[in-house]
1. Counting only residues that are aliphatic (A, V, I, L, M), give me the helices (runs of 4 or more DSSP H) lying completely in segment 1-117 with at least 3 of them.
2. Answer yes if at least one residue in segment 208-224 is hydrophobic (A, V, I, L, M, F, W, C), at pLDDT 95 or above, more than 19 Å from G150 (Cβ to Cβ) and surrounded by 13 or more Cβ atoms within 10 Å (Cβ to Cβ), and no otherwise.
3. Taking segment 1-23 as the search range and keeping residues that are surrounded by fewer than 24 Cβ atoms within 10 Å (Cβ to Cβ) and in contact (Cβ under 8 Å) with a residue 60 or more places away in the chain, which one is nearest to Y81 (Cα to Cα)?
4. On the basis of being touching a residue at least 24 places away in the same chain (Cβ under 8 Å) and crowded, with 24+ Cβ neighbours inside 10 Å, does G55 make the cut?
5. Can you tell me which residue in segment 81-107 is surrounded by the most Cβ atoms within 10 Å (Cβ to Cβ), limited to those that are over 20 Å from the mean Cα position of the chain (by Cα) and of a type in the set (D, E, K, R)?
6. Residue by residue through segment 145-173, note down the ones that are in a helix (DSSP H, G or I), under 14 Å from the mean Cα position of the chain (by Cα) and over 17 Å from W107 (Cα atoms).
7. Quick check on this structure: which one of S154, S146 is modelled with pLDDT of 95 or more and among the small types (G, A, S)?
8. Would you check if T131 is part of a loop (DSSP other than H, G, I, E, B), more than 30 Å from D254 (Cβ to Cβ) and of a type in the set (S, T, N, Q)?
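The values are calculated or read from the model by the stated rules, or taken from the named source; none is laboratory data. Quick caveat: nothing in here was measured; it's all calculated off a predicted structure. Backbone-built Cβ (ideal geometry, glycine too); neighbour counts: all protein chains shown.
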Amino acid sequence: MGTLDRRVAFVTGAASGIGRACAIGLAAEGAIVFATDIDAPGGRETVAMIEAAGGQATFRGQDVVEEPRWAELVKRVMDLYGRLDILVNNAGIGTSGLITEVTLEQWNRQMDINVTSCFLGIKHALPAMRTPRPDGHVGGSIVNISSVAGLGGSAAMSAYCASKGAVRLLTKAVAMECAAMKDGIRCNSVHPGIIDTAIWQKIDTSGSLSAALTGAIQPGANAIDVDVVGAGAPVGFAGKPEDIANGVVFLASDASRYMTGSELVIDGGWTAH
């Protein structure tokens, strides 16, 4: 028996990286996973991986900044399963560059995908989570993926840090709101450090970057070597998506029932300096 048997989990950005690892990890503990992403082939591959391991999952395409789609998909979850127990707001992007070089369009898109998507997910998931379940289970768990960049500043990452800091405080405000309503819903944030995912290949390095990141750009490349950056962590290496997924599974389960409004930092000691 898994710790999440028959519970239903909605995971955004599930086509790759941390989102895929979370979807697989939740399914391995018995959750029914509703996976979404703008990357349909990747999302279907995640579902295939879960099903091959004996789990249950379904995929739907989603742009997380579109509110009507959120309403439609949460309704679909309730139509399919009659319950929603877990929401993992994972979808996100990273924008780098000196603040004098970041365009308003880049800033707004960073905020939309990293922050507004969390707001929309929580807004539409809460009523579903408050619906009584046939098995008598009440409450739920919302897990927002922030970052160590949401705990401290970093040169040439102002937009990203601002967005992840906003996710951190949004989490705390929602946690207090749910606690005041005594609805049994907990809300926590996870703060990954340097994790080996494709996001490092997508960061635009054409502008100015901090010295630490500049040293990780390979000659002739327009991408950052995550192993070089990860070597700067006290443990000496970058983490894997599964390291974050393990924390998400914990927060989704009853093992963390006394945690809400908390920050789970999984960073190889990066912020312990």
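1. Values: elements: 17-28, 40-52, 67-81, 104-111.
Of the helices (runs of 4 or more DSSP H) lying wholly inside segment 1-117, those with at least 3 residues that are aliphatic (A, V, I, L, M) span 17-28, 40-52, 67-81.
2. So in segment 208-224, the residues hydrophobic (A, V, I, L, M, F, W, C) come out as 209, 211-213, 216-217, 221, 223-224.
Imposing the further condition that a residue be at pLDDT 95 or above reduces the set to none.
So far as segment 208-224 goes, no, none of its residues is hydrophobic (A, V, I, L, M, F, W, C), at pLDDT 95 or above, more than 19 Å from G150 (Cβ to Cβ) and surrounded by 13 or more Cβ atoms within 10 Å (Cβ to Cβ).
3. To start, the set of residues in segment 1-23 that are surrounded by fewer than 24 Cβ atoms within 10 Å (Cβ to Cβ) comprises 1-3, 5-6, 16-17.
Next, from what is left, pick out any that are in contact (Cβ under 8 Å) with a residue 60 or more places away in the chain: 3, 6, 16-17.
Details: T3: 18, R6: 9, S16: 24, G17: 26 Å.
Selected residue: R6.
4. Details: touching a residue at least 24 places away in the same chain (Cβ under 8 Å): yes; crowded, with 24+ Cβ neighbours inside 10 Å: no.
Judged against the criteria, G55 is not a match.
5. Result: R83.
6. V148, R168, L170, T171
7. Numbers: S154 fails: modelled with pLDDT of 95 or more.
Among S154, S146, only S146 is modelled with pLDDT of 95 or more and among the small types (G, A, S).
8. Spelling it out, it is not the case that T131 is part of a loop (DSSP other than H, G, I, E, B), more than 30 Å from D254 (Cβ to Cβ) and of a type in the set (S, T, N, Q).
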